Amino acid sequence: MFAKKLSCIVLVALVLGSSCKKSPLVAVQDDNGCISRIKRDYSDPNKAELAAALKLLQDNHIATANQVVGGATLNDTITTNGPVHVMQHVFNQLYANNQPILFAQVIYHFNNGIYQSTSGYLYNSVTLDTVPHTRLSQLRYVFMQEAKNDGYAVTNKITSSCLVAEFGYLDISPDSHGQLVKAWRVTPPNQSYPLAMIRDDNGHLIYYTNGIMTLNKASH
């Protein structure tokens, strides 16, 4: 479970941390097919687990402004030559200006209820505004330009499906941190893939993946 929750962070680091292939930027057009804007609820749906995670954070005086508890591992038992250690890990989704920082988590680690360390990066003083620039129809166009050349998307009829778009911020320099841009996460409804990350300021593709194939990267 711990490794699974880290997977989205690792994916973004691998994608954005690598050099981007430069490609010509084309004018973003409109696709008037089905697409709607959504706001995801990142809070842990397991209420008992959520309550236990919040208590861990409160008991250890950990400030969690601009964070939402997204999940927790409460009984990660480690046995060494000495005593048994019961580790806990709390996974928090990050926000700024009431917008999600897409794929950004901090993970708090505890040993028998006592805070040990933090994984992840905390963003401070984010000055980006919260007003979207790119139209939903333009987001659909960018997504479909990639999907129509993706065998997985074509086979699974993604190219004729509805899409959903989530607005937020994205760190495009995860190795050094702090280079946040306004961005959109575009997928079919209730699916993680195929996924297109699109800049809001110019409507250009950051990357596209179906979760299986090699990522298509664009200049940003």
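Descriptive notes on the structure:
- Percentage relative contact order, segment 90-220, counting C-alpha pairs under 8 Å, at least six apart: 18
- Averaged over its residues, segment 84-220 has an accessible area of 42 Å² per residue, based on protein heavy atoms and a 1.4 Å probe.
- Rg and Dmax of segment 87-146, based on Cα coordinates, read 17.2, 50 Å.
- Fraction of alpha-carbon pairs over 17 Å apart in segment 98-196 - percent: 61
- Ordered from longest to shortest, the equivalent ellipsoid semi-axes for segment 21-108 are 38, 17, 13 Å, each the square root of 5 times a Cα gyration tensor eigenvalue.
- With every protein chain in place, segment 68-205: carbon and sulfur % of accessible area (1.4 Å): 47
- 30 Å Cα-Cα threshold exceeded, pairs from K47/K157; K47/K148; K39/K148: K47/K157; K47/K148
The values are calculated or read from the model by the stated rules, or taken from the named source; none is laboratory data. In this text the structure is predicted, and so the values were computed from the model without any measurement. Surface areas here come from the heavy atoms of the whole protein model, side chains and all, with no ligands, DNA or RNA. Shrake-Rupley method; radii C 1.70, N 1.55, O 1.52, S 1.80 Å.
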